[in-house]
Amino acid sequence: MISTIKNRCFSRCLLAIAPLLSGGATLCSLDARAEEAAVPLNDSEKALHVLNRLAYGPRPGDVDAVRRLGIKRYIEQQLNPYSLPLPADLSSKLSALSTYQLSAPQLYQQYGPPSYPPNSASADEKNAARQRANRELTPQVHFSRLWLATESPRQLQEVMTEFWFNHFNVFEGKEWVRYWDGEYEKDVLRPNALGNFRQLLGAVAHHPAMLYYLDNWLSSGVNTPQATGRFKGLNENYGRELLELHTMGVDSGYTQADVISLTRILSGWTINEKGMKDGQPAYIFNSRRHDGGDKVFLGHTIKGSGEPEGEQALDILARHPATAHFIATKLVQYFVSDKPQPALTEKLARRFLSSDGDIKAVLHTLFDSPEFWSRSNYQTQFKTPYQYVVSSLRATATPVRNIKPVDGVLNQLGQPLYGWLTPEGYKYPEEAWLNPDALLRRINFVNSLSNGRSTIARAETSAPESGAASTAAAALATAAAAVDPQQLIQTLTPALAARSLSAIASAPPNLQAGLILGGPDFMKQ
């Protein structure tokens, strides 16, 4: 009964500020917004802005810390992540993950198919191997992502790692991908997240997670000596997505003939199944499955030369003006506006080309642009479920000791970690995520988090306590995990509108933290 009354009260209080999410406006309010848009951001607002866009939102004390450091210096630090040491506690937790330092071959050895060739294993053996990976490997991969997102001072590196994972998406649920998605993120995406696009593109192209996910490991030139069985014939999946999603973008001028040529060029780029069991690298070029003929790709004649053909094609793609425009558009959409401004997009595309795909240089141009600092783009982007959950954990300084409830809420909100089936990855615009059911689920999540009922901060135990000891421990944990609304207001003050603060102040104290996190001001960044 008490819980029902609290939920009703919580819902009534939310009604006071929920209309702000609707975007509705009168002529008077539009005039007021136009006047307000001309006012530059103050120092606190700038600090919050970079913490929201270059990071996953502020932790307690972050806004003041960025103000003291200086906005420009903060941006420079974020663009140079290895100048920021990881906290000892975070490094220790990552080191304690038994699978975190394993290479792709080692992961395959420990969690892959139990026999060679893989299809020789029985259904029971395959199922047992899959369950073991789900039980041991997957939770550690998820822990590492959430720990780094919530605790690492290298926030822009984490933001860009997520950006590139969506750009070069692989689906954890596709058999062998689950062995490698964490290592793919750790050893390919994160180190190259602020580096050179051509190097990133090449590292992705050689990684077994991508080769397996988009089936290039199965692709063989027609009538080549080893084009037999499951390896018989060309598979266009990777070649097509490399053009459409990874580089040039759809409707950018390439043809079906280019897709076929690129597929022929990349034939023989495969996974070293047998060799990995002996510790050899995961990628291998199989010349006996490669189409060795000459090809014409995007107007370039590529002579049959084996593996170097693929490198030449990647060079062409990485330096193509359509690729520059496509990447620039996605960066503007992520960091500035759901509807990218053409002038800023063109400026970033030019910088991409002039810097030979230097991601850091492109971002520097973006963060120096007037569009990035415009008040019209301040607190306007609706957070994705992942951004919302991570920013909630950061704002409340909630440690992630139990990954299951985090995975659970991300599943409910429609954005499970590594869980997008198709190669385009998760979308960022508001229209993909803003709906009544999603808002209710978000509110339920932060209500639980703010009142201390969430188990995220409580480590899983194999043998739960019983009786009075269990009750006392649970009460202590709840009290310790409850969020202080005044601390939360202090953390988020630049984001909270006067109307919101008034509604929060009029609510019962035990509901205030939930109102802050469930209100429209925190839903946006």
Seminar exercise, completed: Which of (1) 23.8; (2) 30.1; (3) 27.1 gives mean projected area of the Cα convex hull in nm² as computed here? It is (3)
Exercise. Among rounded, prolate and oblate, which fits region 337-446 when a ≥ b ≥ c are the square roots of the eigenvalues of its C-alpha gyration tensor, a/c under 1.5 means rounded, and a/b larger than b/c means prolate?
Worked result: prolate
For this session: Sort region 150-275 into rounded, prolate or oblate with this rule: let a ≥ b ≥ c be the square roots of the eigenvalues of the Cα gyration tensor; rounded if a/c is under 1.5, and if a/c is not under 1.5, prolate when a/b is larger than b/c, oblate otherwise.
Result: oblate
Exercise. Against the longest principal axis of the chain, how steep is helix 197-206, in degrees 0 to 90 to the nearest 10, with axes from Cα atoms?
Worked result: 60 degrees
Problem set entry | In Hz, Karplus ³J(HN,Hα) per residue of region 229-244 (6.51, -1.76, 1.60; θ = phi - 60°; x = Gly, Pro) | x, 5, 9, 7, x, 6, 10, 7, 3, 5, x, 5, 6, 4, 7, 7
For this session: Work out how far the C-alpha atoms of region 202-297 reach from end to end along every principal axis, then list the three figures in whole Å, largest first.
Result: 44, 27, 20
For this session: Note the full-extension length gain between residue 237 and residue 435 as 0.36 nm times their separation in residues minus their Cα-Cα distance, in nm to one decimal.
Result: 68.0 nm
Exercise. Under 5 Å between amide H atoms, partner at least 5 residues away or on a different chain: which partners does residue 283 have, H built in plane at 1.01 Å?
Worked result: 272
Exercise. So, with a 1.4 angstrom probe, what is the percent of accessible area on the chain that is carbon and sulfur?
Worked result: 54 percent
Problem set entry | In Hz, Karplus ³J(HN,Hα) per residue of region 85-101 (6.51, -1.76, 1.60; θ = phi - 60°; x = Gly, Pro) | x, 6, x, 4, 5, 5, 4, 5, 5, 5, 5, 6, 6, 5, 9, 5, 9
Exercise. Which far-off residues, 5 or more places away or on another chain, put their amide H under 5 Å from the one on residue 302, with H placed in the peptide plane?
Worked result: 295, 296, 297
For this session: Would you work out if region 108-221 is rounded, prolate or oblate? Take a ≥ b ≥ c from the square roots of the eigenvalues of the alpha-carbon gyration tensor; rounded if a/c is under 1.5, else prolate when a/b is larger than b/c, oblate otherwise.
Result: oblate
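How much accessible area per residue does region 167-235 have, in Å², with a 1.4 Å probe?
Working: 2070 Å² over 69 residues.
Normalised by residue count, the accessible surface of region 167-235 is 30 Å².
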Exercise. With every protein chain in place, what's the accessible area of residue 250 (1.4 Å probe, Å², nearest 10)?
Worked result: 90 Å²
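Would you mind getting me the FRET efficiency between residue 80 and residue 280? Use the beta-carbon distance for r and R0 = 30 Å, nearest 0.05.
On the way: r = 35 Å, r/R0 = 1.16.
Calculated value: 0.30.
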Problem set entry | Using θ = phi - 60° and Karplus 6.51 cos²θ - 1.76 cosθ + 1.60, couplings along region 489-503 (whole Hz; Gly, Pro as x) | 4, 4, 5, 10, 2, x, 8, 8, 6, 4, 4, 5, 4, 5, 5
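Skip the ligands, DNA and RNA, and give the accessible area per residue of region 121-165 with a 1.4 Å probe, whole Å². Spell out each step's value before the answer.
Numbers: 1480 Å² over 45 residues.
Computed with neighbouring chains in place, this is 33 Å² per residue.
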Exercise. Non-local amide H neighbours of residue 291 (under 5 Å, H modeled in plane, Pro and chain starts lacking H): which ones?
Worked result: 221, 267
Exercise. In nm, to one decimal, how far is the residue 120 label point from the residue 72 one, both placed 7 Å along Cα→Cβ?
Worked result: 6.5 nm
Exercise. Where does the chain land at 222 nm, in deg cm²/dmol rounded to the nearest 500, when only DSSP H runs of n ≥ 4 count, each adding -39500 (n - 2.57), divided by all residues?
Worked result: -16000 deg cm²/dmol
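The values are calculated or read from the model by the stated rules, or taken from the named source; none is laboratory data. All of these numbers come straight from a predicted model, not from anything done at the bench. With ideal geometry, Cβ positions are generated from the backbone for all residues, glycine too; neighbour counts draw on all protein chains shown. Side chains are part of the model used for accessible areas, which takes the heavy atoms of the whole protein and leaves out ligands, DNA and RNA. Shrake-Rupley method; radii C 1.70, N 1.55, O 1.52, S 1.80 Å.
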